[in-house]
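Working notes, beginning with the structure itself.
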Amino acid sequence: MSKGTAVITGASSGFGMLASLELTKRGFYVIATMRNEAKGLPLQKQAAALGIQENIEIFQLDVTDEASIQSLEQRLNEIEKVDVLINNAGYAAGGFAEEVSLDAYRQQFETNVFGAIAVTKVVLPIMRKQGSGTIINMSSISGRIGFPGLSPYAASKHALEGWSESLRLEVQPFGIHVVLVEPGSYRTNIWSTGKQIAKASLDPASPYYTYMTNIETYLKRGQDAYGEPEEVAKKLADIAEQQHPSFRYPIGKGVKLSIALKSLLSWERWEQLVLKRLNK
């Protein structure tokens with residue numbers, strides 16, 4: 001028996017693709033959305049190998065395009081039931097604020113924040129009428145902790161967190177649960193798009209060049225400790241199966257400790273700790 005219908009954005013790779021497979025294996029019918037349907041081939045192949053391809057539907061969706069959002073709305077109105085929404089579509093833009101264009105900031109917010117809001121607004125009337133549903137917003141440790149050189153991404157995730165807090169309080173009386181998942185560093189391709197934005201700060205002529213290269217070195221040193229994305233996919237599926245999920249789920253090596261330290265330490269002490277690590 002099907003556990004219900006799940007809609008997942010950004011399902012062509014990373015957490016989105018793995019969560020699509022995990023939820024389908026657990027008995028959900030999954031609408032796996034992505035901007036380019038052709039990129040759904042790896043998901044389809046893996047689903048076929050597992051014998052679950054009939055319960056995964058590939059759907060073209062650009063979360064920043066109004067016509068595309070309307071197409072999703074039409075499809076979901078045909079189904080008339082959505083039990084889980086995972087707002088996963090997003091990318092990470094880096095660079096120092098002085099050198100990141102306003103347009104780059106706007107694009108970051110269009111996908112990571114307004115895209116999630118747009119898809120959620122499509123799903124909410126359905127969930128409200130059925131009196132149940134779970135909306136999982138993919139945040140990040142960057143939604144709780146700012147980091148130099150990552151202000152577009154951190155700002156977008158902080159915004160998503162604030163919006164999610166308000167939304168949870170708004171829809172809880174209707175039986176709808178809003179959840180934030182806050183991963184640390186995992187082996188995904190989230191940086192593949194936003195990496196281009198940081199080029200100005202990686203130019204030797206930039207006043208931020210040394211600082212940015214220190215950050216790059218720091219991040220590379222930690223790559224061996226990056227988690228496997230399957231861990232997050234399983235956590236997403238676990239949350240989807242819960243009747244009364246909590247609000248926040250920090251996940252990944254050192255994530256809970258970092259959040260606790262930032263909460264406990266004075267800003268001055270926290271600032272010293274971060275800058276010391278980056279200037280080794």
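Close amide H partners of GLU57, meaning residues 5 or more places away or on another chain with modelled amide H under 5 Å apart, are VAL30, ILE31, ALA32.
Oblate is the label for the range 227-278, because the ratio a/c of its alpha-carbon gyration tensor axes (a ≥ b ≥ c) is 1.5 or higher and a/b is not greater than b/c.
If you model the range 1-53 as an ellipsoid using its alpha carbon gyration tensor, with each semi-axis the square root of five times an eigenvalue, the axes come out at 17, 12, 8 Å, biggest first. The angle between the Cα long axis of helix 115-130 and the main principal axis of the chain comes to about 30°, on a 0 to 90 degree scale. Only bridges whose two residues both fall in the range 4-278 count here: according to DSSP, what percent of them are antiparallel, nearest 5? Restricted to the range 4-278, the bridges split so that about 0 percent are antiparallel. Helix 151-171 and the long axis of the chain differ in direction by around 40°, with both axes built from C-alpha atoms. Stokes-Einstein diffusion of the chain at 20 °C, 1.002 mPa s viscosity, Kirkwood radius from Cα pairs, rounded to a whole number: 110 µm²/s. Per-residue Karplus couplings for the range 89-104, computed as 6.51 cos²θ - 1.76 cosθ + 1.60 with θ equal to phi - 60°, are listed in order as 4, x, 8, 10, 9, x, x, 7, 3, 4, 9, 9, 5, 4, 4, 5 Hz, Gly and Pro entered as x.
Computed from the Kirkwood radius of its Cα pairs, the Stokes-Einstein diffusion coefficient for the range 19-92 at 20 °C and 1.002 mPa s stands at 164 µm²/s.
In this structure the amide hydrogen of LEU85, modeled in the peptide plane, comes within under 5 Å of the amide hydrogens of VAL7, THR134, ILE135, ILE136, none closer than 5 places in sequence on its chain. Backbone phi angles across the range 30-41, fed through the Karplus curve with coefficients 6.51, -1.76 and 1.60 (θ = phi - 60°), yield HN-Hα couplings of 10, 9, 8, 9, 7, 5, 10, 4, 4, 6, x, 4 Hz in residue order; Gly and Pro are listed as x. Summary of the geometry: the range 258-280 and the range 59-137, compared by the centres of their Cα atoms, lie 33 Å apart. Taken over the range 1-130, the ratio of Cα radius of gyration to 2.2 N^0.38 Å equals 1.11.
The 3J(HN,Hα) values that the Karplus relation (6.51, -1.76, 1.60; θ = phi - 60°) gives for the range 249-259 are, in residue order, 10, x, 8, x, 4, x, 5, 4, 5, 4, 5 Hz. Gly and Pro appear as x.
Database remark: amide H of GLY4 closer than 5 angstrom to the amide H of TYR29 (H placed geometrically; neighbours at sequence offset of 5 or more, or on other chains; Pro and chain starts carry no H).
Give the angle, between 0 and 90 degrees and rounded to the nearest 10, that separates the Cα long axis of helix 267-278 from the longest principal axis of the Cα atoms of the chain. With rounding to tens, the tilt is 80 degrees.
FYI, it's all coordinate maths here, none of it is from the lab. All of these numbers come straight from a predicted model, not from anything done at the bench.
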